[in-house]
Amino acid sequence: MRPVYLKFSGIHSYREEQHVDFERVLDGGLFVICGPTGSGKSTILDAMTLALFGQVERAPHKTQGIMNLAEDRLRVSFQFSLALPEGRRFFRVERVYRRRDDVKVGLEYARLV
């Protein structure tokens, strides 16, 4: 799997919509996600994991506590590609979660394109 593009909002400390263009950084080969403690590096990985699997392993009950406290919705869209025998294929997975109460979030919709 090769990451292509990530878009997310409402997760952990990221209230505003964020965009990560992996195609740009992968042109050079390897890349690193770096920054000081608390800058959101793990949140980028959490957003990718949530999009792909619908849960974040390090979160209680797999989704508890992942939504920003000031938001009512969490959105994530992750585009990736797979190298298949017939060539490179692109996929996009999208998920939207809505706040149920102060702690719990529920899945509003999910789709794979």
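Numbers at a glance
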read-out	value
Any hit, the stretch 83-95, residues being small (Gly, Ala, Ser) and assigned to a strand (DSSP E or B)	yes
Residue among LEU74, LEU82, LEU52 that is among the hydrophobic types (A, V, I, L, M, F, W, C), open to solvent by less than 60 Å² (accessible area, probe 1.4 Å) and in contact with a Phe, Trp or Tyr (Cβ under 6 Å, 6 or more places away or on another chain)	LEU74
Whichever residue in the stretch 104-113 is over 16 Å from HIS12 (Cα atoms) and either of a type in the set (Gly, Ala, Ser) or not in a strand (DSSP E or B) (or both) and, among such residues, is least open to solvent (accessible area, probe 1.4 Å)	ALA110
Close pairs from the stretch 89-103: first within 9 Å of SER77 (Cβ to Cβ) and open to solvent by 50 Å² or more (accessible area, probe 1.4 Å), partner part of a loop (DSSP other than H, G, I, E, B) and of a type outside the set (S, T, N, Q), Cβ under 7 Å, at least 6 apart	ARG92/VAL113
The stretch 46-63 residues that are at positive phi, paired with ones that are surrounded by fewer than 21 Cβ atoms within 10 Å (Cβ to Cβ) (beta carbon under 6 Å, 6 or more apart)	LYS62/GLN55
Flag if GLY35 is in contact (Cβ under 8 Å) with a residue 24 or more places away in the chain, at positive phi and part of a loop (DSSP other than H, G, I, E, B)	no
Where PRO3 falls short, out of the listed (1) in contact (Cβ under 8 Å) with a residue 40 or more places away in the chain; (2) out of contact with any Pro (no Cβ under 9 Å at 6 or more places or on another chain); (3) part of a helix (DSSP H, G or I)	(3)
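The values are calculated or read from the model by the stated rules, or taken from the named source; none is laboratory data. What you see is a predicted model, and the numbers here were worked out from it, not measured in a lab. Ideal geometry is used to build each Cβ from the backbone, glycine not excepted, and the neighbour counts take in all protein chains shown. Areas reflect the complete protein model, heavy atoms only, side chains present, ligands, DNA and RNA absent. Shrake-Rupley method; radii C 1.70, N 1.55, O 1.52, S 1.80 Å.
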